[in-house]
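See structure below.
Every number here is computed from the coordinates shown, using simple stated rules; none is lab data. Fair warning: this is a prediction, and the values are worked out from it, not measured in the lab. Every residue, glycine among them, receives a Cβ derived from its backbone with ideal geometry; neighbour counts consider all protein chains shown.
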Protein chains: 2
Amino acid sequence: MVQFSTRLEQASEATQSLVCVGLDPDASRMPVDDVFEFNRAIVDATKDLVCAYKPNAAFYEALGLPGLDAMARTVAYIHETAPQAVVIGDVKRGDIGPSGQSYAKASFEVWGFDAVTVNAWGGLDSVEPFISDGELGIFVWCRGSNPGSADIQDLMVDTPQGKIPLYQHLAGSCREWNTAQNVGLVVGATYPDQLEAVRNICPDMPILIPGVGAQGGDLESAVRLGTDNRGRLAVISSSRGIIYASSGRDFAERARAEAAAMRLKINETLTIEGLGWP
Amino acid sequence: MVQFSTRLEQASEATQSLVCVGLDPDASRMPVDDVFEFNRAIVDATKDLVCAYKPNAAFYEALGLPGLDAMARTVAYIHETAPQAVVIGDVKRGDIGPSGQSYAKASFEVWGFDAVTVNAWGGLDSVEPFISDGELGIFVWCRGSNPGSADIQDLMVDTPQGKIPLYQHLAGSCREWNTAQNVGLVVGATYPDQLEAVRNICPDMPILIPGVGAQGGDLESAVRLGTDNRGRLAVISSSRGIIYASSGRDFAERARAEAAAMRLKINETLTIEGLGWP
């Protein structure tokens, strides 16, 4: 058995990459009609450049059953054609009791994800169903990439360690819940200070970092602040910036170019920090 | 146009009922194999006794595409056969930007729900996509029915109004977000003090109250503390206690008996309080 965090690291080593491609189908921007065919072309064009793919369930669900079918087929195709890649379902699910168990079953058994993003509002009860198998992982939505995340996540809360922002308290809880080495966090690249704070609280846990590219997060600071002290265990995700780099027939080729440029810039930053790949 | 909260009240008036039946298919407990047929029998047997149905998406998703198809067909069947009933999708979704918009589209356009439960961890940004149409409603997951809800929801936070539990702060935010009269809250029946606190903060907003029945919440206190000052705008939900009242062929008949008993006890409590139906 390989623990999830080790699995993730192996995926990065195999491709010398911290890049994750978000697969967010948007009919108004896709140059081909078929969601699965679109994803397949993106995966074929990028599979040697990335450690992970991140299909966002919201976009598939909005397309109804055919969309969800395309999501399941996409996950299966990635497992088949890029077996080293970690497939992260961006589902942001979370519920308690039998409902929570059902979401975990759906995530791992129905859709076939290796990991999912989880919303921990329900506390450990809502996280536990997802982490019983150490080979499968979660990324708890800790600090969002949007301004409105501050509404709840930045509130100052009383803890035994004093008064701290709620997202930092959650990060500390995630560290406690991480007994099977399969818990990570989601922190947006758009808030470097928060990213640094979470990395300090969770020095050896994976962090999924959305928000570079279309949302404007700075890639260099995501690398410097988001990786662990060996320059690993960050999953830096771009969706629209890669998959919609072109709206023409060269979309897959352009996606490859964008993913390659992102990987190169990340690896240059790692090298400058003395943490490049061996 | 009828605002969601008015729509909900009309559904209660039409059936003189605050009862909501949770439709949570569990293959190990259902006496018939087909999820849609099971739900149809439950709906046929209870439609004159309840103001709302609440399919929980987790259970359908765990059954894959056929499960989700059964969910969509169930919602359509309720609209057709019990047009007064409000159909609440217990989806606990929440995300930001285009993802949040996609979940709202899925909830209302794909699945056809009248309202959904929402997880507001992402702040107003994650709530806004669901509340642009005043005819469609949300119930923000405020205080859960599980002990672990305390992990996050009961943390004491600093606010301009002083130090209060996080779930109370969220209730106050929901009150501010309720400009279109279509925002409600979810508060578990298992924590009467919290239910009372939320009702005080949001005197005229709908509250969805799960946790009576199988989870042990007290029905009488749910009525006394959860309704508004007219004895209305509470949606008291039981799932397993109703739909699995019998595992035999009489399941629909027994579900009807349980729903009728629950409705009667609620209405007796309302009458004692001087708030019975006209």
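With kT/(6 pi eta Rh) evaluated at 10 °C and eta = 1.306 mPa s, and Rh the Kirkwood radius from Cα pairs, the protein assembly as shown diffuses with a coefficient of 67 µm²/s according to Stokes-Einstein. Placing a pseudo-label 7 Å from each Cα along the Cα-to-Cβ vector at A:D44 and A:E220 gives an inter-label distance of 3.7 nm.
For the stretch A:74-166, the residue among A:F108, A:A150, A:V91 whose Cα projects farthest onto the positive side of the dipole built from Cβ charges is A:A150.
Taking the Cα centre of the protein assembly as shown as reference, the dipole from Cβ charges on Lys and Arg (+1) and Asp and Glu (-1) amounts to some 180 debye. Only aspartates and glutamates eight or more places from B:K163 in sequence, or on another chain, were considered; those with a Cα closer than 19 Å are A:D151, A:D154, A:D158, B:D151, B:D154, B:E176, B:D193, B:E196.
On full extension, the segment bounded by B:D133 and B:N200 gains 21.5 nm, given 0.36 nm per residue less the C-alpha separation. Among B:L136, B:L68, a tally of other beta-carbon atoms within 10 Å of each Cβ gives an order, fewest to most, of B:L136, B:L68. Residue-normalised convex hull volume from the C-alpha trace of chain A: 120 Å³ per residue. Sequentially through the stretch A:87-100, phi angles give Karplus couplings (6.51, -1.76, 1.60; θ = phi - 60°) of 9, 9, x, 7, 10, 6, 7, x, 7, 10, x, x, 5, x Hz, Gly and Pro residues having no value and appearing as x. Pairs from the table (B:K47/B:K92; B:K54/B:K105; A:K54/A:K265; A:K54/B:K47; A:K54/B:K105) lying more than 30 angstrom apart at Cα are A:K54/B:K47. Note on the protein assembly as shown: dipole from Cβ charges, positive end direction compared against B:A82, B:A255, B:T179; the farthest Cα belongs to B:T179.
For A:R93, the residues whose modelled amide H falls within less than 5 Å of its own, excluding neighbours fewer than 5 places apart on the same chain, are A:N119. Per-residue extension of 0.36 nm, minus the Cα-Cα distance of B:D250 and B:I272, leaves a gain of 4.6 nm for this segment.
Proximity of backbone amide H atoms, modeled 1.01 Å from N, is registered between A:V86 and A:A52, A:Y53 at under 5 Å, excluding neighbours fewer than 5 places apart on the same chain.
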